[in-house]
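Since the structure comes first, as structure tokens, the remarks are kept for the end.
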Amino acid sequence: MNDRLSPGETIGILGGGQLARMLALAAARLGLSCHIFAPEADSPAFSVSTRATLGDYRDEAALAAFSASVSAITYEFENVPVETVRFLEGLRPVRPGSKALEVTQDRLAEKRLARALGARTADFAEVNSLDDLKAAIDRIGLPAVLKTNRFGYDGKGQAKILTAAEIAAAFAILRGQQGILESFVRFDREVSVVATRGVEGAFAAFDVTENEHRNHILHRSVVPATISGTAAREAIATARKIAEALDYVGTFAVEFFLVDEAGQVIVNEIAPRVHNSGHWTMDGAFTCQFEQHIRAVAGWPLGDTTRLGSVEMINLIGSDAARWHEILADGRAHLHLYGKTEMRDGRKMGHVNRLL
Ligand code: AMP
């Protein structure tokens, strides 16, 4: 199979949420088609893609039929089973590959990789039992954060431990799964680097983004971030080293805690996919993160990531999206709605970008 796709060819995407939807829209603009494979019937990406398969990630016959209809495959989120991606890798190029998925599904592996590359992380320890947790707290101290090692997102499966009295209750959140204890980082800001690596190793990062969370969900991103040039360069260099170590192809994000006084950037999490903190690039950069990902997956040259000005992205969560009409009253607001019919609490319904 050729490394480079031609216009008219089809990219397969595992997952059918808003990220897949925005990837499919970017692909369409470049004359490429998308075939979405997702288990949910109401997947927002289905309505904007050429083909859709409603299927289970463990159904090998369905996966084989899907792969036969596409030239390359990608995924829109990190909770796709690694076995699914390994199976597909035997049939078609999968970009990024299973190695990126394996590491980023595992917080311990992720932090070990960051440390091995010379980056800072919170202090951490593996927790497989209550005794492990107590020993980890003796070493790391309190406050600390206990997280399930795998399959946590938007703050789910996490407990902050302030005092020894809270240890047993915190341990219960693991529900028998492996955990990781992290020292509590007293950060000034949270920032992220969204970047893309091409098939032949080209690398292009967007400017560092500053992120504000509410109830563990991203609320607002702004660029440029309040960050020194040295810290910004370090964050981008760290992201590049991570991508190279994972032999990564596509767009990804690295989330950092920023401690101003010490001038430290501390790796929190790596996302092997386009990222909510990169949504501003749709209207605020020469090339957006979705197009960059499609270009990388297709084996095409990456675009220019230069920012067009100061940009703000605000997420529309749950009933926020009901304000769409009010948002449009500002003719310079770029409204993006994901076509989700049900407005559930905490559900990402859309976002608004503004050039400030
Ligand atoms: P995560 O799921 O690891 O991205 O964590 C979700 C959010 O919890 C982060 O964006 C931080 O605001 C907070 N958080 C997670 N880990 C830590 C930590 N070790 N120290 C301080 N805050 C944390």
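Worth a mention:
- Considering region 243-282, and only residues there that are away from the ligand (no atom under 16 Å from the Cβ) and part of a strand (DSSP E or B), the residue that is surrounded by the most Cβ atoms within 10 Å (Cβ to Cβ) turns out to be Thr251.
- Within region 11-57, tally of residues that are of a type in the set (Phe, Trp, Tyr) and open to solvent by 10 Å² or more (accessible area, probe 1.4 Å): 2
- Any hit, region 121-137, residues being at pLDDT 95 or above, within 19 Å of the chain's Cα centre (by Cα) and polar (S, T, N, Q): yes
- Members of region 134-157 that are open to solvent by 40 Å² or more (accessible area, probe 1.4 Å) and either free of Cβ contacts under 8 Å to residues at least 24 places away in the same chain or within 15 Å of the ligand (Cβ to nearest atom) (or both): Ala135, Asp138, Arg139, Leu142, Arg150, Phe151, Tyr153, Asp154, Lys156
- Enumeration of residues in region 87-109 that are touching an Asp or Glu at 6+ places or on another chain (Cβ under 9 Å), of a type in the set (D, E, K, R) and open to solvent by 30 Å² or more (accessible area, probe 1.4 Å): Lys99
- None of Val297, Val274, Val259 is closer than 17 Å to Asp123 by Cα and touching a residue at least 24 places away in the same chain (Cβ under 8 Å) except Val259.
- Among the candidates Leu181, Leu162, the residue that is within 26 Å of Asp260 (Cβ to Cβ) and open to solvent by 70 Å² or more (accessible area, probe 1.4 Å) is uniquely Leu162.
- Taking the numbered list (1) touching a strand residue (DSSP E or B) at 6+ places or on another chain (Cβ under 9 Å); (2) surrounded by fewer than 20 Cβ atoms within 10 Å (Cβ to Cβ) in turn, Gly331 passes all entries but (1).
- Assessment of region 169-178 against the conditions (modelled with pLDDT under 95, at positive phi and surrounded by fewer than 18 Cβ atoms within 10 Å (Cβ to Cβ)) yields at least one matching residue.
- The one condition in (1) surrounded by fewer than 21 Cβ atoms within 10 Å (Cβ to Cβ); (2) at pLDDT 95 or above; (3) among the β-branched types (Val, Ile, Thr) that Ile217 fails to fulfil: (2)
- Scan of region 110-133 for residues that are open to solvent by 30 Å² or more (accessible area, probe 1.4 Å) and of a type outside the set (D, E, K, R), ordered by number: Leu113, Ala116, Leu117, Gly118, Phe124, Asn128, Ser129, Leu130
- Yes/no for Asn268 being over 20 Å from Ala237 (Cα atoms) and either in contact (Cβ under 8 Å) with a residue 24 or more places away in the chain or more than 20 Å from the chain's Cα centre (by Cα) (or both): no
- Only one of the numbered conditions (1) among the aromatic types (Phe, Trp, Tyr); (2) surrounded by fewer than 18 Cβ atoms within 10 Å (Cβ to Cβ); (3) in contact with a Gly (Cβ under 9 Å, 6 or more places away or on another chain) is violated by Phe206, and that is (2).
- Some residue of region 216-223 being more than 16 Å from the ligand (Cβ to nearest atom) and either under 30 Å from Leu32 (Cβ atoms) or not β-branched (Val, Ile, Thr) (or both): yes
The values are calculated or read from the model by the stated rules, or taken from the named source; none is laboratory data. Keep in mind that what you see is a predicted model, and the values were worked out from it rather than measured. Please note: Cβ atoms are built from the backbone with ideal geometry, for glycine as well, and neighbour counts cover all protein chains shown. With ligands, DNA and RNA removed, areas are computed over all heavy atoms of the protein, side chains included. Shrake-Rupley method; radii C 1.70, N 1.55, O 1.52, S 1.80 Å.
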